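Visitor: Sharing a structure, written as structure tokens. Questions coming.
The values are calculated or read from the model by the stated rules, or taken from the named source; none is laboratory data. Everything numeric in this text was worked out from a predicted model, so none of it was measured. Counting neighbours? That spans all protein chains shown, and the Cβs are built from the backbone with ideal geometry, glycine included.
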Amino acid sequence: MIDVHKSPDMCDCEPLDLTISFRIFRDDRKVVNEAEVFLLPEELPVFTWALIQHPILLPISYSQHLTMEHGMYCIRLTSQEPFEDFAERLSEALCRLGKKK
């Protein structure tokens, strides 16, 4: 579970179970970011489209792995980029889930 500190301009999201880990390399700028997100079948296209359309482009080192567990999709995301970029893109994609119609 991650803690979210809201600023007035952030979207209002429901709390979600999410696992994120960071491994920092020598230069303290590049990290390997990993996230595991469980989604309902109807949420998967909204979430993945939000990742793709985010203004911060996906890095070359981005990968995702999708499995089905207990009727839900489990998407595992991995990227090598500044963790602020990874966290912002992931946060925006999660916020889109509350706005889907």
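Visitor: Here's a check for you: in the range 78-89, which residue that is over 11 Å from Leu58 (Cα atoms) and under 13 Å from the mean Cα position of the chain (by Cα) is surrounded by the most Cβ atoms within 10 Å (Cβ to Cβ)?
Guide: For the range 78-89, the residue satisfying everything is Phe83.
Visitor: Among the strands (runs of 3 or more DSSP E) lying completely within the range 1-83, list those that include at least 2 residues that are within 21 Å of Arg96 (Cα to Cα) and at pLDDT 65 or above.
Guide: Output list reads 31-39, 63-69, 72-81.
Visitor: Please name all residue pairs, on different chains or six or more residues apart, with Cβ atoms under 8 Å, provided the first residue is in the range 63-77 and is more than 14 Å from Pro45 (Cα to Cα) and the second residue is of a type in the set (Gly, Ala, Ser).
Guide: Ser63/Ser79; Arg76/Ala35; Leu77/Ala35; Leu77/Ser63
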